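What follows is one structure encoded as structure tokens, with my remarks underneath.
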Amino acid sequence: AEYMGKKGSFRNSAYTASKFGGIGLTQSIALDLAPHGVRVNAVCPGNLLDGTLWQQSLYEQYARTQGITAEEVRRKYESQVPLGRGCTYEDVSNVVVFLASDESSYMT
């Protein structure tokens, strides 16, 4: 569902609305299935700044539309994250492995 399911986005209303819908659906299904011992969670990873979409498209697109360099685009997005960096595939996989484990048995 990614972070846009939790925060509005300028000029991106349809995409953001779909993400909000995904979060609501996840929460509703979690409530429906909890009595049966089934846990339901969503992973909202944020920007995978080293991912293919960013590398092959978004950096240049945002640089062009914002009148800044691709490196400045990256720094802009990193500065919006408390940890000061983009999300990695390893970050996402670690969360998914945790959610699939018995260690997260109370999370839904």
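The values are calculated or read from the model by the stated rules, or taken from the named source; none is laboratory data. Values in this document were obtained by computation on a predicted structure and should not be read as measured data. Neighbour counts run over all protein chains shown; Cβ positions are idealised from the backbone, glycine included. Side chains included, ligands, DNA and RNA excluded: accessible areas come from the protein's heavy atoms. Shrake-Rupley method; radii C 1.70, N 1.55, O 1.52, S 1.80 Å.
Some observations on this one:
Each row is one residue, and each column tells you yes or no for (1) farther than 18 Å from residue 39 by Cβ; (2) open to solvent by less than 40 Å² (accessible area, probe 1.4 Å); (3) touching an Asp or Glu at 6+ places or on another chain (Cβ under 9 Å).
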{"position": "58", "(1), (2), (3)": "yes, yes, no"}
{"position": "79", "(1), (2), (3)": "yes, no, no"}
{"position": "85", "(1), (2), (3)": "yes, no, yes"}
{"position": "105", "(1), (2), (3)": "no, no, no"}
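- Considering residues of region 18-52 that are outside any loop (DSSP other than H, G, I, E, B) and charged (D, E, K, R) only, the residue surrounded by the fewest Cβ atoms within 10 Å (Cβ to Cβ): 32
- Any pair with Cβ under 8 angstrom, 6 or more apart, that starts in region 50-67 at a residue that is at pLDDT 95 or above and charged (D, E, K, R) and ends at one that is open to solvent by less than 60 Å² (accessible area, probe 1.4 Å) and assigned to a helix (DSSP H, G or I): 60/70
- Positions within region 80-107 being touching a Phe, Trp or Tyr at 6+ places or on another chain (Cβ under 8 Å) and not polar (S, T, N, Q), in sequence order: 86
- Complete set of residues in region 53-68 that are assigned to a helix (DSSP H, G or I) and of a type outside the set (D, E, K, R): 53, 54, 55, 56, 57, 58, 59, 61, 62, 63, 65, 66
- Residue satisfying condition, being surrounded by 11 or more Cβ atoms within 10 Å (Cβ to Cβ) and more than 25 Å from residue 31 (Cα to Cα), within set 73, 96, 92: 73
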